[in-house]
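Scroll down for the structure; my scribbles are underneath it.
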Amino acid sequence: MLDGLIYAFVFDGEGGARELSGDEIDGWSADQGTLWLHFDYSKAGSQHWITEKSGLDPIAVSALLADETRPRASVSGNTLLMSLRGVNMNPGADPEDMVSIRLWSDGQRVISSRRRRLLSVDDIIGEVRGGNAPFSAADFIALLASRLTTRMHDAIEELEEDVSLLEESVLTESRQVMRAELSALRRELIALRRYIAPQREALSRIQLEAPKWFDDMQRLRMRETSDRMMLYIEVLDSVRERAAVTQEELVNQISEESNRRMYVLSIVAAIFLPLGFFTGLLGINVGGMPGADEALAFWLVCGICVTVVVWEIWLFRKKQWL
């Protein structure tokens, strides 16, 4: 068994498929049908086969074995080289940690590679083994692009629900919890859009510049997938704006509460400022202080202080400061 080979199928063009072992790959010929090889590029066996036995040019080899890729598509003559990403739906994974798949095809062979499991590929395997295999290389690529896009729907819908819940709870939930949840949500949105936008451009490019072995039906399917990607981008932008508005509302509430507290403290300070000056003046330890020998002087001072406080409150209410 070839180390790193995940799947190997030959599509007969009529919806059927035959699975190959690693030893049978070298015996494949074009008259048997369309060959699809799917590798884990992190394995040494996969790297050796793609580099030495695939017959691909160095650019294609480098693309299939690259660790970091952004969604893109390039057509050269009769070959198509592309890199796409799908939402990470593996257990315990974050959806924004998108999984990449690299793909090369000349219309007779399809060679793809990945490092982490991609459930969109598992969907295709289920159809292949259920007797509904792609009819051609172009049909396979259109199906893969469609499955990748379909898998994004649930993740984006979940983000919409999350921001709706945050909008509803902005007045009731803890401010600290809300800020953490909003920040996490906005990071997810940024990460998803970072890859979805160029992926839409890659799909549009395939639709416009696809090799000759793409027929009109496959071009139409690629256009529909591209349109769905555009819709997802618009939804992400909308959710991001809603999250930003919610965060602004949260900041405004925190600011209003802080201003309200500062206002109360300012009023209290304004009331006691003249009293502090007055009592401080009477408390200086020098000779000649009036009322020092009078028994009622203390109560007179208290009365003056109460009068000043009442006058200040009346003045503040008149100016609508209270």
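Here are the criteria: (1) out of contact with any Pro (no Cβ under 9 Å at 6 or more places or on another chain); (2) open to solvent by less than 40 Å² (accessible area, probe 1.4 Å); (3) in a loop (DSSP other than H, G, I, E, B); (4) not hydroxyl-bearing (Ser, Thr, Tyr). Tell me which single one Glu14 does not satisfy. Condition not satisfied by Glu14: (2). The lone criterion from (1) open to solvent by less than 80 Å² (accessible area, probe 1.4 Å); (2) within 30 Å of Pro134 (Cβ to Cβ); (3) part of a helix (DSSP H, G or I) left unmet by Val177 is number (2). Of all residue pairs spaced 6 or more apart or on separate chains, those with beta-carbon atoms under 7 Å, a first member in the range 249-273 that is in contact (Cβ under 8 Å) with a residue 12 or more places away in the chain and a second member that is open to solvent by 100 Å² or more (accessible area, probe 1.4 Å) are Leu250/Arg179; Ile267/Trp321. Just need a number here: residues in the range 264-305 that are at pLDDT below 80, among the aliphatic types (A, V, I, L, M), in a helix (DSSP H, G or I) and surrounded by 11 or more Cβ atoms within 10 Å (Cβ to Cβ). Adding up the residues that qualify gives 2.
In the range 116-142, the qualifying residues are those that are under 16 Å from Val87 (Cα atoms) and out of contact with any strand residue (DSSP E or B) (no Cβ under 8 Å at 6 or more places or on another chain), and the one that is surrounded by the fewest Cβ atoms within 10 Å (Cβ to Cβ) is Asp122.
Which residues, counting only those in the range 143-168, are over 17 Å from Arg186 (Cα atoms), among the hydroxyl-bearing types (Ser, Thr, Tyr) and either over 16 Å from the mean Cα position of the chain (by Cα) or open to solvent by 10 Å² or more (accessible area, probe 1.4 Å) (or both)? Across the range 143-168, the qualifying residues are Ser146, Thr150.
Determine if the range 250-262 includes at least one residue that is surrounded by fewer than 14 Cβ atoms within 10 Å (Cβ to Cβ) and closer than 30 Å to Ile196 by Cβ. Yes, that holds for at least one residue. Selection of first residues in the range 297-322 that are under 24 Å from Val264 (Cα atoms) and of second residues that are open to solvent by 100 Å² or more (accessible area, probe 1.4 Å), restricted to Cβ pairs under 9 Å at least 6 apart or on distinct chains, gives the following pairs, ordered by first then second residue: Val309/Phe272; Leu315/Trp321; Trp321/Tyr263. For the range 18-41, residues that are of a type in the set (Ser, Thr, Tyr), surrounded by 13 or more Cβ atoms within 10 Å (Cβ to Cβ) and part of a loop (DSSP other than H, G, I, E, B) total 1. Per this entry, Lys53 is not counted among residues that are in contact with an Asp or Glu (Cβ under 7 Å, 6 or more places away or on another chain) and basic (Lys, Arg). Would you please list the contacts, defined by Cβ atoms under 9 Å and residues six or more apart or on different chains, that run from a residue in the range 1-23 that is in contact (Cβ under 8 Å) with a residue 60 or more places away in the chain to a residue that is among the aliphatic types (A, V, I, L, M) and open to solvent by 20 Å² or more (accessible area, probe 1.4 Å)? From residues that are in contact (Cβ under 8 Å) with a residue 60 or more places away in the chain, the pairs are Phe9/Ala17; Phe11/Ala17. Looking only at the range 42-58, residues that are surrounded by 13 or more Cβ atoms within 10 Å (Cβ to Cβ) and either assigned to a strand (DSSP E or B) or hydrophobic (A, V, I, L, M, F, W, C) (or both) come to 3 in all. Listed by first and then second residue, the pairs linking a residue in the range 111-132 that is closer than 18 Å to Ser146 by Cα to a residue that is assigned to a loop (DSSP other than H, G, I, E, B) and open to solvent by 40 Å² or more (accessible area, probe 1.4 Å), with Cβ atoms under 6 Å apart and 6 or more places separating them unless they lie on different chains, are Leu119/Met89.
For Ser238, the requirement of being open to solvent by less than 60 Å² (accessible area, probe 1.4 Å), within 30 Å of Leu143 (Cα to Cα) and not in a loop (DSSP other than H, G, I, E, B) is met.
Restricting Arg72, Arg102, Arg85 to residues that are within 30 Å of Glu158 (Cβ to Cβ) and open to solvent by 40 Å² or more (accessible area, probe 1.4 Å) narrows the list to Arg72. Say we look at the range 184-235 and pick out the residues that are more than 16 Å from His153 (Cα to Cα) and among the small types (Gly, Ala, Ser); which of these is surrounded by the most Cβ atoms within 10 Å (Cβ to Cβ)? In this case the residue turns out to be Ala202.
Kindly evaluate Val308 against the criterion of being open to solvent by 60 Å² or more (accessible area, probe 1.4 Å) and of a type in the set (Val, Ile, Thr). The answer is no for Val308. Kindly check whether there is at least one residue in the range 138-160 that is in contact (Cβ under 8 Å) with a residue 12 or more places away in the chain, farther than 24 Å from Leu236 by Cα and aliphatic (A, V, I, L, M). Checked against the condition, which is being in contact (Cβ under 8 Å) with a residue 12 or more places away in the chain, farther than 24 Å from Leu236 by Cα and aliphatic (A, V, I, L, M), the range 138-160 yields at least one hit.
The values are calculated or read from the model by the stated rules, or taken from the named source; none is laboratory data. Every value quoted in this text rests on a predicted model; they were computed, and no experiment measured them. Note: ideal-geometry Cβ built from the backbone for every residue, glycine included; neighbour counts use all protein chains shown. Surface accessibility is based on the protein's heavy atoms, side chains included, excluding ligands, DNA and RNA. Shrake-Rupley method; radii C 1.70, N 1.55, O 1.52, S 1.80 Å.
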